[in-house]
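Some notes on the structure that comes next.
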Amino acid sequence: MHRLIQKMRPYLLAWLRRSRSGPASFVRRFSYKDMKRATDGFRRIIYSNTHGAAYRARFQDGEVALVKEVKDLNQGKDKFFKEVQLLGQLHHRHLLPLKGFSIGCKRLLVFDNVENGSLKEHLNDPLKTPLNWNTRLQIAIGVAAALEYLLLFSNPPIYHVSISASNVMLDENYTAKISDVGLLNSVGDYVTPHSSNSEDCMDHACGNLTFQLGVLILELITGQSSEKGSTDLIQWIQESRFRSSIQKMIDPDLGNNYDSRELKNLLAVARLCIKSGDKPKFSIPQIFRYLQKVENTCE
């Protein structure tokens with residue numbers, strides 16, 4: 001599967017270069033002092049994971065942004081600036097756009113603000129308006145679309161992505177935006193397809209992304225969280241008789257306002273993603289196409 005993706009990439013990148021117009025987005029450098037003030041001393045935490053923390057920032061001029069800390073990992077300034085440059089070139093409807101950066105005691109990336117906060121807030125906070133079925137389906141499709149873009153249309157391809165209800169953000173139209181994207185792996189090296197044993201490495205990375213997508217789909221269906229080490233959802237979908245308990249697992253906020261055929265097909269995708277392991281049988285683009293078919297089955 002990795003060979004097929006790599007064979008397609010040159011043609012897709014050539015098409016993308018021809019279809020794009022206009023200069024790359026301007027990336028602004030923010031003063032560290034302003035960042036510290038805007039985040040209330042880095043106390044306005046939106047989420048925190050192994051890649052670093054994300055904060056809500058409100059500047060003196062009223063501008064609001066999401067600020068993400070980049071774990072240093074002995075990364076030199078040149079590598080950090082390179083990452084900023086490459087992240088600034090990413091343009092996709094389901095990626096949170098990078099607008100700037102800052103360097104001080106922390107290395108920070110500044111992203112556009114999102115009106116409706118994180119997906120986790122809408123699934124777990126009783127004060128938030130519950131998400132309807134179609135919105136949840138569109139979130140799953142949107143996240144898969146962003147992953148396809150990062151793997152096929154980004155140069156270099158980006159495999160270092162964290163997908164969870166905490167870092168999938170929702171804009172004013174409840175459009176999903178992935179906020180945790182980078183070019184570094186867990187030891188601070190760039191993840192590219194040109195290193196030794198690259199096929200095994202990329203298969204493992206793609207398998208990890210596929211697994212995360214499957215877990216996110218389960219969270220959308222059940223309204224339950226799989227974070228903080230919980231394995232209940234994962235164990236449930238892997239059981240041979242999981243279909244007999246589907247009704248008990250559906251998010252009560254949905255009531256009966258969902259399409260049963262779409263639900264079963266979406267669960268089939270989640271099960272496939274989670275059972276794939278390190279060497280997925282289906283690529284992210286294939287899963288994205290299948291999710292689109294799930295949406296279209298009842299139209």
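The values are calculated or read from the model by the stated rules, or taken from the named source; none is laboratory data. Fair warning: this is a prediction, and the values are worked out from it, not measured in the lab. Note that we place each Cβ from the backbone using ideal geometry, even for glycine, and neighbour counts take in every protein chain shown. Quick note on the areas: whole protein, heavy atoms, side chains included, nothing else; ligands and nucleic acids left out. Shrake-Rupley method; radii C 1.70, N 1.55, O 1.52, S 1.80 Å.
Couple of notes before you dig in:
- Of the peptides 124-134, 215-225, 280-290, 235-245, the ranking by mean beta-carbon count within 10 Å, highest at the top, reads 215-225, 280-290, 124-134, 235-245.
- Carbon plus sulfur fraction of accessible area for the stretch 93-180, probe 1.4 Å, in percent: 46 percent
- Among the listed pairs 99/128; 71/106; 36/68; 71/275, those with a Cα-Cα distance over 20 Å are 99/128; 71/275.
- Spin-label model, residue 247 to residue 43: label points 7 Å out along the Cα-to-beta-carbon direction sit 5.0 nm apart.
- The stretch 86-150: C-alpha gyration tensor shape, a/c 1.5 cut-off, then a/b vs b/c: oblate
- Close amide H pairs (under 5 Å, H built 1.01 Å from N) link residue 44 with 56, residues at least 5 positions away or on another chain.
- Label sites at residue 28 and residue 129, each approximated as a point 7 angstrom past Cα along Cα to Cβ, lie 2.9 nm apart.
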